[in-house]
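Here is the structure we will look at.
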Amino acid sequence: MELVFYKYQGAGNDFILIDNRTLSFPKKSIAIINKLCDRRFGIGADGLILLENANSSDFKMVYFNADGKESSMCGNGGRCIVAFAKKLGIITKDTRFEAIDGMHFASIINDTVSLQMIDINTINYKKEYSFLDTGSPHHVTFLKDISSIDVKSKGAKIRYGKPYLEEGTNVNFAEQIANDTFKVRTYERGVEDETLACGTGVTAVAIAANNANITTANNIKIEVLGGNLEVSFEKEGTQYKNVFLKGPAQFVFKGKITI
């Protein structure tokens, strides 16, 4: 089977995008998805995303991690699929689409996509870390110098350790640069390595920082290895609403591969 694919990246978080409105892609095949995402034997990506038809919105997003398994929400992937939908002519500027964690609103101007994330009602705050679900589960630790951290080994230890165990979690190491600015490095489960950016991860860092009174800002700039992102939100009591992730979503290339 010859497969037409598109490659996109959002702040260095890269994805294989496939138009699956005909439902012809073998999405039950973990081995095929894993091979396509392999950087030596396939196309290479942090994840694979299918765009499918939806009954009550513009389209549906189905996301798979590089390990080939369908996963929870991916923020940068969500921004990239909005850019992909525009390229396919499905949308022009504003859109509503369905993902595994529910309905999302987004807008796109040039290569910049602003994506509404889910509301956050529960944050497990401890002195050493915070844990919250921003569409995907995230462990957040604030440190003084994240440039010297071995993110892969330290992240893996937390990802598989207590209390997360088999289900696991994504792991974020954050460093405050200014009241409204943070550096973030992320270990992603499913990729099982550090990625250049993680959209749900930086969203978790911004909200965790505000919740822990590390920052008073509600519009937060995030520096990641692959570029810059921005998270904004409104706080009502203990709830975080109108959460938006904003940043670049860029087409890289289109190709064909036999699977």
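We did not get these values from a lab; they are worked out from the coordinates using the rules stated. Predicted, not measured: the structure shown is a model, and the values here were computed from it. Positions of Cβ are generated from backbone atoms using ideal geometry, with glycine treated the same way; all protein chains shown enter the neighbour counts.
Could you tell me which trypsin sites (Lys or Arg not before Pro) in region 19-67 are loop residues by DSSP with no more than 16 other beta carbons within 10 angstrom of their beta carbon? Listed in order of number, the matching sites are 21, 28, 39, 40.
Compared with the dominant principal axis of the Cα atoms in the chain, helix 151-160 is inclined by about 90°. Over region 1-130, the alpha carbon radius of gyration divided by the compact-protein estimate 2.2 N^0.38 Å works out to 1.09. Under the shape rule built on the C-alpha gyration tensor, where the axes satisfy a ≥ b ≥ c, region 1-52 is oblate, since a/c reaches at least 1.5 while a/b does not exceed b/c. Loop-located trypsin sites (Lys or Arg not before Pro) in region 120-188 (DSSP state not H, G, I, E or B) with no more than 16 neighbouring Cβ atoms inside 10 Å: 126, 127, 144.
Shape verdict for region 123-246, please, from the Cα gyration tensor: rounded (a/c under 1.5), prolate (a/b greater than b/c) or oblate. Taking the square roots of the gyration eigenvalues as a ≥ b ≥ c, region 123-246 is prolate.
Over all other residues within a Cβ to Cβ distance under 14 Å of residue 151, the charged ones net out to 0, with Lys and Arg as +1 and Asp and Glu as -1.
Could you state the number of Å between the C-alpha centres of region 132-206 and region 30-53? Cα centroid to Cα centroid, the span is 23 Å. Checking the cross-link pairs 7/183; 7/154; 69/183; 221/246; 93/235; 87/254 against a 19 Å limit on the alpha carbon distance flags 7/183; 7/154; 69/183; 93/235 as lying beyond it.
Pairwise Cα separations in the chain fall into 5 Å bins from 0 onward with the following percentages, short to long: 1, 6, 14, 19, 20, 17, 12, 7, 3, 1, 0. When 198, 37 are sorted by how many other C-beta atoms sit within 10 angstrom of their C-beta, beginning with the fewest, the order is 37, 198.
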